[in-house]
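Note sheet for the following structure.
A short reminder: the numbers here are calculations on the coordinates, not readings from a lab. None of these values were measured; they are calculated from a predicted model. Don't worry about glycine lacking a Cβ; one is built from the backbone with ideal geometry, like all the others, and counts go over all protein chains shown.
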Ligand code: B12
Ligand code: SF4
């Protein structure tokens, strides 16, 4: 059962030496209590304390890191079954698959795509996470060559090596062993050799078995071999099997009923015959590494957006700091447009303003991250807030006119804002897409 | 050693019947019994538990409809009967959701024409029907009355009741034995309150479908996703005021920036994938009816839903 922070603190060395990464033993104890740290981080714990603390403070799902360099990703360390209970922390790595039977030019093209493609939403660059190379040829040499082709692109992407034969992995690891690739997969037959490779190169290892108890048994076998960084592939033959098995694994891990299942889950989206559905399902239902063939333009944006949505903290909308922002280099006559500090709203409006090429100011008021309509409905957007924001951010020093453009959806407030601020209020369009037309017609007047 | 999942649920989602066949006094070729869930979506052990239904949304007045759909469907959208027929035959929907968008024109008053529209759609397709009436308080009583009457016996699903406007729709549903969509803005407590209001004026539980309101993917979908999960779990834990099936309609999907501004060559694909990813996630969160506007989304969702069922329970009951 979970221990309280103070009980844990009693077992710590109390040196406050900061080597665990925390300023004091007490803060480390608090993190342990919350399942947010690993006992192994403190080098001075007695074996006895370790054994007491180990089982009850370890995060229920182990944190696993794949890849090196800027693009590495971490998965695991989740604490809930449903995002509304707290939040989901580590978005799944979505990894594009190439086969070693493909032409080198094709392999290189997919690698470059994952390296270069970004889709910017709400001020965040969304990207695919890595590249998986599959040993379809059956030849270790061909596999190693394909991995070398990927590495030649200098993309520094987290690699996933997919091969049944440990000899193929051994050949490929010569090329990418120092980049912490994820190895797929250890099975009943080959786990000893796979564990030896994972240990030699210090890489995380996927284990594959079709039932949770099969996985739990293999976890015991692999940890006995000394490999701790594991990822579980429940080998689903269809979407339903994935949904059931991954939910089962997550529940048994979170509740610590079967601690051996406390590892991130791997999903081969291509194996279900319905790749897009599998990617969507993997994102919402607990996959941490999703391997897929390169996605279409539509699926690319939809999947990256779904991942961003599901992994947003439900308690905190993504917010901007309130303040006065500039688009271009506005002068003293430039328009001032007021809006809320919900990031989505800010970036949507900013995008359209940039394309009008009219320099202007954006006055961002603090609605605690609520959108315009939501803030109006919740009473979070008021004339006082607008008045205080004009003062606080010194808008009257920046422009000589006294005209404020407000969002169309805030029109019910226009009269009150005029009264409270003494500024003339112009009610803009509801849809920010029409802002260019509005500025050309109304502002120029 | 086999591990069992245990969520501690104690209750069942109520059932709602959509559409009436000859035997039940209607003219539909099939009717659906939705709801009945006892655990997480797609994890029922009972054989024959239903897959989520897929509804195609159509309308009777095009200026308020995403051009991407009208371009894709071509001429047939000029005739709502033809559109309904295609929804049923060519596109393979389970349900048709008809939006009476003509009522959203300024000073609309031609209520009689709506009766004709509903009759045309009923004649053109024998699928069960969802009808979305007007948003205008001045006429909504007459509009719902008209729809309810023209489709008497058909067990429509009428939309949309909200906390501020539910009386006229409830009156039409009660008078002609139709069911109601009850919509609240992404909030479990508001959903419950509205259901209680409906109960108080006599609408039975088995005549209500909850619409928790769906923000488009990238535009608030995560809130809706969690609201759906919470409503579903409260119901399974025994809250009977929330134990109704849910409908998900991400109506803004085809007008968001990513879809609207997509390259022409990939615009249909963008629209379809946007609806598809939303539909998969919403069904996983508990929605029993998934509404789409792009016909191309239907076959993809159908295939996925069949495959998502627990192996061995995939039989369809219709
Ligand atoms: C997601 C969402 C929520 C989330 C909050 C998300 C957030 N961070 O704001 C949650 C679930 C918390 C929520 C709560 C509520 N919500 Co809400 N919510 C939505 C939803 C689905 C999407 C909002 C959104 O993200 N829009 C996208 C952003 C970008 O839009 P935007 O900020 O308005 O910006 C656009 C325009 O305004 C314009 N624009 C923006 N700034 C400017 C500036 C200028 C100068 C100009 C010209 C234009 C412009 O450009 C943008 C793009 O066009 C909407 C439905 C909808 N389709 O809008 C309902 C909606 C806004 N919510 C609604 C309601 C009623 C509520 C609640 C009051 C319900 C409740 N629980 O009590 C609460 C209030 C919050 C509270 N008490 O804490 C209603 C509002 C009804 C009304 N017409 O007033 C809506 C419309 C849903 C509905 N149909 O019932 N909501
Ligand atoms: S490393 Fe150990 S002893 Fe040092 S501060 Fe952290 S918990 Fe305390």
Order these peptides, B:124-133, A:159-168, by their mean beta-carbon neighbour count within 10 angstrom, highest first. B:124-133, A:159-168
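How much FRET efficiency would the formula 1/(1 + (r/R0)^6) give for residue A:165 and residue B:3, where r is the Cβ-Cβ distance and R0 is 30 Å, rounded to 0.05?
0.45
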Considering Cα pairs under 8 angstrom that are at least six residues apart, work out the relative contact order of chain B and quote it in whole percent. 24
Can you bin every Cα-Cα distance in chain B into 20 Å intervals starting at zero and give me the percent of pairs per bin, rounded to whole numbers? 34, 61, 6, 0
Inter-probe distance in nm under a simple model that places probes 7 Å from Cα toward Cβ, at residue A:397 and residue A:424: 2.6
Give me B:15, A:193 ranked fewest to most by other Cβ atoms within 10 Å of their Cβ, as a rough exposure proxy. A:193, B:15
Take every DSSP beta bridge with both residues inside the range B:1-132 and express the antiparallel ones as a percent of the total, to the nearest 5. 30
Stretch residue B:261-residue B:123 to full length: gain in nm at 0.36 nm per residue minus the Cα-Cα span? 46.0 nm
By how many degrees, 0 to 90 and rounded to 10, does the Cα axis of helix A:383-392 deviate from the longest principal axis of chain A? 80
Under Stokes-Einstein, the protein assembly as shown at 4 °C and 1.567 mPa s, with its Kirkwood radius over C-alpha pairs, diffuses with a coefficient in µm²/s of 46
Taking other Cβ within 10 Å of each residue's Cβ, how do A:423, A:443, B:83 sort, fewest first? A:443, A:423, B:83
Taking the 0 to 90 degree range and rounding to the nearest ten, how far is the long axis of helix A:104-116 tilted relative to the main principal axis of chain A, both from C-alpha atoms? 50
For the range B:80-144 the mean separation of alpha carbon contacts under 8 Å (6+ apart) over residue count, i.e. relative contact order in percent, is 44
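Please state the equivalent ellipsoid semi-axes for the range A:5-57: what are the square roots of 5 times the Cα gyration tensor eigenvalues, largest first, in whole Å?
On the way: eigenvalues 39, 29, 19 Å².
The three semi-axes for the range A:5-57 are 14, 12, 10 Å.
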Could you identify which residue out of B:14, B:238, B:37 has the top mean-square fluctuation in a GNM of chain B using Cα springs shorter than 10 Å? B:238
Counting DSSP beta bridges in the protein assembly as shown, what percent are antiparallel, to the nearest 5? 20
Give the calculated FRET efficiency between residue A:200 and residue A:152 to the nearest 0.05, with a Förster radius of 25 Å applied to their Cβ-Cβ distance. 0.60
Crossing angle, helix A:191-201 versus chain A [Cα axis fit, 0-90 degrees, rounded to tens]: 60
Taking a ≥ b ≥ c as the square roots of the eigenvalues of the Cα gyration tensor of the range A:64-310, is the shape rounded (a/c under 1.5), prolate (a/b larger than b/c) or oblate? oblate
Cut-off is 10 Å between beta-carbons; in what order do B:259, A:114, A:399 appear when sorted fewest neighbours first? A:399, A:114, B:259
Counting DSSP beta bridges in the range B:15-317, what percent are antiparallel, to the nearest 5? 15
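How high is the relative contact order of the range B:109-231, in percent, with contacts defined as C-alpha pairs under 8 Å that are six or more residues apart? Don't skip to the answer; put the middle values down first.
Numbers: 185 pairs, mean separation 22.7, N = 123.
Normalised by residue count, the contact order of the range B:109-231 is 18 percent.
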√(5λ) per eigenvalue of the Cα gyration tensor, chain A, largest first, Å: 48, 29, 19
Sum of -39500 (n - 2.57) over DSSP H runs of 4+, divided by residues of chain B (222 nm, nearest 500): -11500 deg cm²/dmol
Please identify, among B:63, B:185, B:50, the residue showing maximal mean-square fluctuation in a Gaussian network model of chain B using a 10 angstrom Cα cutoff. B:63
